[in-house]
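First the structure, in the form of structure tokens, and then the observations on it.
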Amino acid sequence: MELKLPPELVVEMEAIYTAMAAGYDTVAEAIGLTCDQCPDNCCDSWFLHYTYSEWAYLWLGLAQLDPARLETICQRASEYVHLSQQALAADTRPQTMCPLNEAGRCQLYHHRLMICRSHGVPATLTSPNGRRQRFPGCFRCQEMVHARYSPPELAPAMERTALLRRLVQVEQQLLGAGRAQYPKIRLSIAEMIVQGPPQRHDG
Ligand code: SF4
Ligand code: SF4
């Protein structure tokens, strides 16, 4: 049986994503970063995703597509999975355009995943064990930061900790008391598409 986000968790996912967009925009504006005219397109970056919540939210969007369009995306996703497996087998980092990207644009923009929404600007994160991490942002952002801030750590950064905690809470509520029965996941977006919507594992 499909694992679906109940309405109250859909609302919370949207609130988390909205807060993330606001945090991103504030930092990007302060630094002067935009993706306009960028020679890169980050949608070919190799990212893995770890929550059933984001998988289910992605499928909320996919399920609204007309069948022919979904079939086209599924075919691209299969090809992506094949190419990424080849790259990993050759001990190289996969670099293939996301199956949801067409002509440089995300076709499921409102259902894209958290890393798609946060990649680019510098970010900070405190792990549950108290370890503090700072991520420098994309290559273009790093160029801008190094030109304007010395040391670069003085540049503003998006604080991810509270948002990730909220996502963890959504995940716990979604999986509920049976969450120990759910295997841990490490999936690319293409794998989330090819495998179909997440399924229940708690009987
Ligand atoms: S996130 Fe950075 S590297 Fe990626 S498209 Fe935007 S500006 Fe370019
Ligand atoms: S889901 Fe959208 S934003 Fe994220 S990598 Fe794919 S095309 Fe890009």
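With all protein chains in place and a 1.4 Å probe, the accessible surface of the chain carries 54 percent carbon and sulfur. The angle between the Cα long axis of helix 67-89 and the main principal axis of the chain comes to about 70°, on a 0 to 90 degree scale. Computed over protein heavy atoms with a 1.4 Å probe, the accessible surface of segment 7-194 works out to 56 Å² per residue. Summing +1 for each Lys or Arg and -1 for each Asp or Glu among the other residues whose beta-carbon sits under 15 angstrom from that of GLU191 gives +1. Cα axis of helix 139-148 to longest principal axis of the chain: angle in degrees, 0 to 90, nearest 10? It is inclined by approximately 20 degrees.
Taking the square roots of five times each eigenvalue of the Cα gyration tensor of segment 130-203, the equivalent ellipsoid has semi-axes of 37, 17, 9 Å, listed largest first.
Residue order by solvent-accessible surface for HIS119, HIS146 is HIS146, HIS119, largest first, with ligands and nucleic acids left out and a 1.4 Å probe. Rounded, prolate or oblate: which one fits segment 7-194, using the alpha carbon gyration tensor with axes a ≥ b ≥ c (rounded when a/c is under 1.5, else prolate when a/b beats b/c, else oblate)? The shape class here is oblate. The separation of segment 169-200 from segment 77-155, counted between C-alpha centres, amounts to 21 Å. Using heavy atoms of the protein chains and a probe of 1.4 Å, the accessible area assigned to PHE135 is about 60 Å². Build a GNM of the chain with springs between Cα atoms under 10 Å apart, and of ASP44, ASP36, ASP25 the one that fluctuates most is ASP36.
Picking from TYR149, PHE139, GLY176, whose Cα lies most toward the positive end of the charge dipole for segment 130-183 (charges on Cβ: Lys, Arg +1; Asp, Glu -1)? About the Cα centre, the residue reaching furthest to the positive side is GLY176.
The values are calculated or read from the model by the stated rules, or taken from the named source; none is laboratory data. As the structure is a computational prediction, the values presented were derived from the model and not from experiment. So basically every Cβ, Gly included, is an ideal-geometry build from the backbone, and we count neighbours across all protein chains shown. Just so you know, the surface numbers come from the protein's heavy atoms only, side chains and all, with ligands and any DNA or RNA stripped out. Shrake-Rupley method; radii C 1.70, N 1.55, O 1.52, S 1.80 Å.
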